[in-house]
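None of the figures in this text is laboratory data; all of them are computed from the coordinates on show. The structure presented is a predicted model; accordingly, all values stated were derived computationally and were not measured. Neighbour counts are summed over all protein chains in view; Cβ atoms, including those assigned to glycine, are modelled from backbone coordinates with ideal geometry.
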Amino acid sequence: MLALDSTIASDNDCSSGVKQHKAGLVKAEACDGLQRDADAAIDVSSVITQVGTIPAVPQAKWLPQQEQEGEQQNGRGWRHRMRNLLCCLSPPTSGLYAKQDVQLVNTIYQAMPPEPPRVYREAVIGAKKPEDMHKKTLVLDLDETLVHSSFKPIPNPDYIIPVEIDGRLVDVYVLKRPWLDHFMSTVCSRFEVVVFTASLAKYADPLLDLMDPAGLVRWRLFRESCCPYEGNYVKDLNCLGRDLSSTIIVDNSPHSYIFQPANAVPIGTFIDDMEDQELLELLPQLLQVEAVDDVRRCLGPNMMLLQQQQSQQQQAAASSAQQQQQVLVR
């Protein structure tokens, strides 16, 4: 999920956006770092594209992203399209989807997952390559999971992506999450890796060219492959044409995997914490499920139960060791 830094918007802007759009949590406030008139209203509905950016549709179906007809050809309209390029915008202080905020994740897991849409097109990726036949499929979100991007200049960006919007060239500044290169080299050798983002290809594709010069990522999916559902862009794993028992998704937004929460590995939102080690900490967990017959038995809600059991076992072992030490001292 991609974040766009700014000090323009407030929490009230985000709250009003939620009220205006009944479906979906607003993951970020409006913040594009662009100069605007003092009395210019912030169009929250145009800010979010991954979560809560599109109007709810009566029946979810595959829809390509299209420009809104009749959009004003003025500065505000251009800024609207500029913000809409990215899959999510949020200020640096946004923590709605941070790792420590487990309430939303628990809500997603405890509730009965909604039925995926019944209208499908053909699989959006091809058949597995021969060398991947024995591998599980790992779906990785891009923005706020692997990188953080901003239209505002940021200190020491890893990449600067020029993007054309209405004839104007705009720079997108990208910061890699710590341990990204090590993480990608490891998982690409063990899994069939799919990068699935709700951002537009004109931004995400050149970014992935820089992130993955060796072409280790097997497939790239962009906004048009997402499923509009109740005001959100959802990544329906059914569209991959892969066995769900061997498919894993890593995403910082629980709404992205609301159709298949049992296949998900949550991860905290990355903004600019260069001490972050979540990608490094994620590797042992992914390598552990690599050998299981059905990943859903140890991911999603089952993953939380297993973690609780492991924690209880560790506490019991520590308590037992302490008691034995006390006996020896006596």
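Note that the stretch 179-187 has calculated 3J(HN,Hα) couplings of 6, 4, 4, 5, 4, 5, 5, 6, 6 Hz, one per residue in order, obtained from phi through the Karplus relation 6.51 cos²θ - 1.76 cosθ + 1.60 (θ = phi - 60°); glycine and proline are x.
Over 24 Å between Cα atoms, which of Lys128/Lys176; Lys128/Lys202; Lys135/Lys202; Lys129/Lys202; Lys135/Lys176; Lys202/Lys235 qualify?
Cα-Cα > 24 Å for Lys128/Lys176; Lys128/Lys202; Lys135/Lys202; Lys129/Lys202; Lys135/Lys176; rest within.
Relative to one another, the C-alpha centroids of the stretch 173-201 and the stretch 225-283 are positioned 12 Å apart. When peptides 128-135, 234-241, 142-149, 168-175 are ranked by their average number of other Cβ atoms within 10 Å per residue, the highest-first order is 142-149, 234-241, 168-175, 128-135.
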